[in-house]
Amino acid sequence: MLTSNANISKWVQTIKISWSQLTAYRVNFFLQVIGPSLVFFFIKYNLWSSIYSSQSGLIIQGYNFSQMIHYHAWSLVVSLIAGGYASHNLAEDIRMGRISSYLIYPFNFWEFHTASFISFQLLQTFISMITIAFIFSIGIFHNLSFMALIYGYLFCFLVSLMWFTLQYMTGILAFWLEETWILRVILQIMAAFLSGAILPLELYPSWLVKVLDFTPFPYLSYYPIKVFSGEISPFSGAPLIIIFWIVTFALINRFIWSRGMKLYTAAGM
Amino acid sequence: MIQTNKLKKSFKSYKKKPGFLGSIQSLYKRDYITKDAVADFDLDIPEGQIVGLLGPNGAGKTTLMKMFTGIIVPTSGEINILGHRPSDREKSFRKKIALVMGQKSQLWWDIPAMDSFLLLQKYYEISKDDFDEKIEHMSELLGVKELLHIHVRKLSLGERMKMELMASLIHSPEIIFLDEPTIGLDLVAQENIRNFIKDYHRKNNCTIILTSHYMADVQELCSKIVLILNGKKAYDGDIQDFEKLLGHEKRVSFSFKNPISNDDKYFEQYTPEWAEGRMQVELLIPEEQLRSVSSKVITNYEVEDFNTEVLPIEKVMKTLILNPEILSADK
């Protein structure tokens, strides 16, 4: 009991520290994390409003203008909580040889970075709540339901864990790659297109959507949006597929880490 | 305490021909070279001492430190530290050691040092009372009490080094590895750090392994010296014996008011090295004649200034690094 308490306080303290690291550079944090989501939203807003203004009463694959904006407003919220985490700190730690410290402290590298992720997630949850309240106040979300919000958040947390394991993978590839940000950019672009963050998946050919359902991508945007807006239930096959990917990524990460450690501890980097 | 047996670490690297074509070629064909950073290393360090690990750049000091702390795994041979094998990286082992690297910060850059300390308090499971007392005491001694809540990135190198030291001592480690703790510091800061280490060692009776290129550090702190040349142990023993490695002579230099005439043969027996047109001379005087010869020179000649070397081990180190064969000839 004592040891598990001590362990919990290690995690709690690390989460606190990461929190103050995240908020140490407020402008930086805004520019890196919240800024892009907002910019992305306004670009989409302008794009869709010019498309819909070309013809009054236009309906695209079941979406009228206000439904389309509704979809993208939720997409903004989801991008904050499901897929905001980036692993550049982690890659930096490896590249600068800072993992030596984690080999000496009685707290491991993955524990430290998972705690950082939890901290990030807490902050993002807070920010997303303000965002939801704001969007509600300007009248874009008309039918907010309490249960849908709870389900939406739970669903997003699960998705964020999957995104974290995937980001972690790009981060620890720093054992072999000089720069890993290029991987993250590729991943980000693929995610933007295949997750439904730009176009709702109804606009894609149905065979493609069927294939995508087995990949991690639609769970990053499309599914959480639908859960938040109460259009689909979270109790479907979706969480199982997400869990499958989390376990898969975690196993791959373990393998990459052990290979990387061999390299690191053999070469001393 | 610390024992190694036939310890060896070799690194593999590949040769790359210069230029673009060389880069292309190295993609499919690589000539590997294996270099032993440390080889045949036997060591036995008893408890409670401060041991200086000396050697020129690239001799293998840091490689040894990294093996001792479990950061890198030996190619072959054994290490036993406090009954643990470092490369197993057991948490119980990690709680007994500390590593300070002068060239690499271990504190978190974006937060005040105190936040890092609090984190380490949890990691090492130190009680609050214990922790408060230690921080209070150490920050007082090092004169950094006012700086505990300032972001680490805003501290000067000397201040940061003090914080690094504090961070490494919070858990009262049994063995402390200090890898160039005074590098890049000004003379006063170096002395502060030295005094602190000395004081800490006296009170806590821990074992300290120190590397430094500043012989003042070594002279002041270490009771034992281990010299590494090209990855091999070249000397292992007391610091007094090390100083006498080049013989039992003292170097004394004299400056005179007027040049000494070429006909004066008095100095010849002490292998003189003349300078400044025979206005200055450096003599090698046998230890037991030091008093008599010096007083004779001072009374018989118009001496303006004279001194004997302050750091004999610096001279020994320099000579050994340049002529490593001296040691092998000895054996």
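The values are calculated or read from the model by the stated rules, or taken from the named source; none is laboratory data. In this text the structure is predicted, and so the values were computed from the model without any measurement. Because the Cβ atoms are built from the backbone with ideal geometry, glycine has one as well, and the counts that use them run over all protein chains shown. With ligands, DNA and RNA removed, areas are computed over all heavy atoms of the protein, side chains included. Shrake-Rupley method; radii C 1.70, N 1.55, O 1.52, S 1.80 Å.
Calculate the mean, over all residues of peptide B:84-95, of how many other protein chain Cβ atoms lie within 10 angstrom of the residue's Cβ.
On the way: counts 0, 0, 1, 2, 0, 6, 1, 4, 1, 2, 5, 2.
The shielding value for this peptide is 2.
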Based on C-alpha coordinates, I'd like the Rg and Dmax of chain A, in Å. 20.0, 68
Quickly work out the A:PHE30-to-B:ASP42 label distance, labels modelled 7 Å from Cα along the C-beta direction, and quote it in nm with one decimal. 6.7
Rounded, prolate or oblate (a/c below 1.5 giving rounded, otherwise prolate when a/b exceeds b/c) for region B:168-318 by Cα gyration tensor: prolate
Other protein chain Cβ atoms within 10 Å, averaged over every residue that makes up B:105-113: 4
With +1 on the Cβ of every Lys and Arg and -1 on the Cβ of every Asp and Glu, the dipole magnitude of region B:1-114 about its Cα centre, in debye rounded to the nearest 20, is 600
Its Cα gyration tensor gives the protein assembly as shown an equivalent ellipsoid whose semi-axes in whole Å, largest first, are 64, 25, 23
Sorted by mean Cβ packing within 10 Å, highest first, what order do the peptides B:109-119, A:197-207 take? B:109-119, A:197-207
1.4 Å probe accessible area per residue over the protein assembly as shown, in Å²: 50
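State which entries of B:LYS66/B:LYS250; B:LYS17/B:LYS66; A:LYS262/B:LYS95; B:LYS128/B:LYS154 exceed 32 angstrom in Cα-Cα distance in the structure shown.
On the way: B:LYS66/B:LYS250 37 Å; B:LYS17/B:LYS66 30 Å; A:LYS262/B:LYS95 23 Å; B:LYS128/B:LYS154 27 Å.
Checking Cα-Cα distances, B:LYS66/B:LYS250 exceed 32 Å.
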The long-range amide H neighbours of B:LYS250, using H built 1.01 Å from N in the peptide plane and a cut-off of under 5 Å, are B:ILE285, B:GLU287
Cut-off 15 Å between beta-carbons: net charge of the residues surrounding B:ILE150, Lys and Arg +1, Asp and Glu -1: 0
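For the protein assembly as shown, which whole-number percentage of the solvent-accessible area (1.4 Å probe, protein heavy atoms only) is attributable to carbon and sulfur atoms? Show your work: numbers first, answer last.
Working: 17540 of 29750 Å².
After summing per-atom areas, the C and S share lands at 59 percent.
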Order of B:26-38, B:128-140 by packing, highest average Cβ count within 10 Å first? B:128-140, B:26-38
Local electrostatic count, A:PRO200, Cβ distance below 15 Å [Lys/Arg +1, Asp/Glu -1]: -1
Which number do you get for Rg(Cα) / (2.2 N^0.38 Å) in region A:111-190? 1.40
Where the convex hull is taken over the Cα atoms of region B:44-243, what is its projected area averaged over directions, in nm²? 11.1
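Give me the Kirkwood hydrodynamic radius of region A:1-82, using the inverse of the mean 1/r over all pairs of distinct Cα atoms, in Å to one decimal. Spell out each step's value before the answer.
On the way: mean 1/r = 0.0623 Å⁻¹.
Evaluated on region A:1-82, it is 16.1 Å.
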At 25 °C and 0.890 mPa s, the Stokes-Einstein diffusion coefficient in µm²/s for region B:249-330, with hydrodynamic radius from the Kirkwood sum on alpha carbon pairs, is 176
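When only the heavy atoms of the protein chains count and the probe is 1.4 Å, how do A:ARG259, B:ARG153 rank by accessible area, highest first? Write out the running numbers ahead of the final one.
Values: A:ARG259 125, B:ARG153 75 Å².
Output order, biggest surface exposure first: A:ARG259, B:ARG153.
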Let me know the mean shielding of B:59-70 by other chains, meaning the per-residue number of their Cβ atoms within 10 Å of its Cβ. 1
Residues with amide H under 5 Å from that of B:VAL38, placed H, sequence gap 5 or more: B:LYS9
Where A meets B: accessible area buried, both sides, 1.4 Å probe, Å²: 2800
Rg and Dmax of region B:1-60 over Cα atoms: what are they, in angstrom? 18.2, 56
Ordered by residue, what ³J(HN,Hα) values in Hz, to whole numbers, does region A:172-181 give under the Karplus form 6.51 cos²θ - 1.76 cosθ + 1.60, where θ = phi - 60° and Gly and Pro are x? 7, 5, 4, 4, 10, 9, 5, 10, 9, 5
Rounded, prolate or oblate for region A:165-244? Axes are the square roots of the Cα gyration tensor eigenvalues, ordered a ≥ b ≥ c, and the cut-off for rounded is a/c under 1.5. prolate
So how do A:40-53, B:194-207 stack up, highest first, on mean other-Cβ count within 10 Å? B:194-207, A:40-53
Residues along region A:233-269 losing 50 Å² or more of accessible surface when the other protein chains are present rather than the chain by itself (probe 1.4 Å): A:THR265
Under the Karplus relation 6.51 cos²θ - 1.76 cosθ + 1.60, θ = phi - 60°, what is the ordered set of whole-Hz ³J(HN,Hα) values for region B:18-28, x standing for Gly and Pro? x, x, 5, 4, x, 5, 4, 4, 6, 6, 10
Quick one: 3J(HN,Hα) in Hz for region A:186-193, Karplus 6.51/-1.76/1.60 with θ = phi - 60°, rounded, Gly and Pro as x. 4, 4, 4, 5, 4, 4, 4, 7
If we restrict to alpha carbons, what Rg and Dmax does region B:96-159 come to, in Å? 11.9, 32
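Scaled to the compact-protein estimate 2.2 N^0.38 Å, what is the alpha-carbon radius of gyration of region A:1-138, rounded to two decimal places? Don't jump to the answer; show the numbers that get you there.
Details: Rg = 20.3 Å, N = 138, 2.2 N^0.38 = 14.3 Å.
Output field value: 1.42.
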